[in-house]
Structure formats: structure tokens, C-alpha cells
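Q: Here it is, the structure in full.
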Amino acid sequence: MDSTHQQNTSEQSLAQPGKHSIASPSRPTHFSIRQALEEPRLDKDPDRSPKDLPTNFYTVEDFRLSWDCFLKHPSLRQNTPLWNILSTLKWELIDDKVCLYFSSHAAAGEFSSIQQVFLEHLRQELHNFRIQFEPVVKTGQLPKTIYTSEEKYRFMVEINPNVAQLRERLGLDLYD
């Protein structure tokens, strides 16, 4: 009878919110990604002016590590086109400006969908709130050239001189 009374008491303490209760209102009953990601942000504080935000020094290596960290985010991995754009994107740091060199307007448009989230990530990671993106689209058209068989052959021989020996040994003709 004592063990039944103890069992009922422990069941009641679990069912009633209290100090040691699992169902305590102070503890969330489920995990929330939104709540986990909503940390206090220095740039969202209305009492702070932009001049008061941190502007720590960072190196190119620090920037690259923060960039790689962002690329490992699971939601970005699921967006294959965007992940491909970011993983192959060429960039250059000029003071607190990050020049991003896109190969097309479509790639720049795809990037714009996450630009603000990415910028906030870099600012938080590097503790520098003056970082800005400057997207640059390089759409240089290469001249279309038709190469003859002889030109292709000379180009391959420049890369690898053994191609000429192979052609002679096999008795190959360029005009077949």
C-alpha cells in the first residue's frame, strides 16, 4: 500500500505543473527551430545606432570559413542550384565590401533570394556589421570561332607534344 501511494504521488507530480514536472509551462514541450534560431541580434536592437554595432577585423581566411559554414546548412544543400552557385562563386574582399562575381543574371537573381540571410550570417559570424555585398554580373561574350582540324591539332600538340608522335606512329591524317 505504501508503494502504491508513492507511485500515485509521483504520477500526480508529473501531471501537475511544478518544480520537477516534465509538463512545466516554463519548459517548451517541443523543439522549435524558429525559437532556436531567434537569438538576440545586435543589429535588431532599436536602442543601438549602426555606428555602435561591432566592426571587428577579419581575415580572408575567417571570411572563407564563415562562407563554408553557411554552405553546410542543410536547407541550402536541398536547393541544389543555389548551392552550386554559392560553392563556385568567385568573390573578392575590398575593405568591408564583398564583390560577388556572377556568370549570369539568372545566378544573381537566384542569389538575391537568400542574400539578406547570408549577409546576416556573415555579420554575426565575423562580428562586423559594415559588411556589404556588391553583386557583379560578368557576361562577357566570347567570340565564336570555327577551328579547322589543323588548328585543333596544333593546339593539342602545344598542350601535349606526344600527340604529334602518336599521329605519326598511327599514320593518321587530319583531313579524313
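Q: Looking at segment 96-109, is at least one residue within 30 Å of residue 75 (Cβ to Cβ) and polar (S, T, N, Q)?
A: Going residue by residue through segment 96-109, those that are within 30 Å of residue 75 (Cβ to Cβ) are 96-109.
Pick out the ones that are also polar (S, T, N, Q) and you get 103-104.
So far as segment 96-109 goes, yes, one or more of its residues are within 30 Å of residue 75 (Cβ to Cβ) and polar (S, T, N, Q).
Q: Then there is this: Here is a check on your reading of the model: is residue 35 under 24 Å from residue 125 (Cβ atoms), polar (S, T, N, Q), open to solvent by 70 Å² or more (accessible area, probe 1.4 Å) and at pLDDT 85 or above? Full working, then the answer.
A: On the way: under 24 Å from residue 125 (Cβ atoms): yes; polar (S, T, N, Q): yes; open to solvent by 70 Å² or more (accessible area, probe 1.4 Å): yes; at pLDDT 85 or above: no.
Here the answer is no, as residue 35 does not meet what is asked.
Q: Sticking with this one: Please identify the pairs in which a residue from segment 126-153 that is farther than 30 Å from residue 92 by Cα and charged (D, E, K, R) has its Cβ atom under 8 Å from the Cβ atom of a residue that is outside any strand (DSSP E or B) and at pLDDT 80 or above, counting only partners at least 6 apart or on another chain.
A: none
The values are calculated or read from the model by the stated rules, or taken from the named source; none is laboratory data. Because the structure is predicted, anything quoted here is derived from the model rather than measured. Neighbour counts run over all protein chains shown; Cβ positions are idealised from the backbone, glycine included. Calculation scope for accessible area: heavy atoms of the full protein, side chains included, ligands and nucleic acids excluded. Shrake-Rupley method; radii C 1.70, N 1.55, O 1.52, S 1.80 Å.
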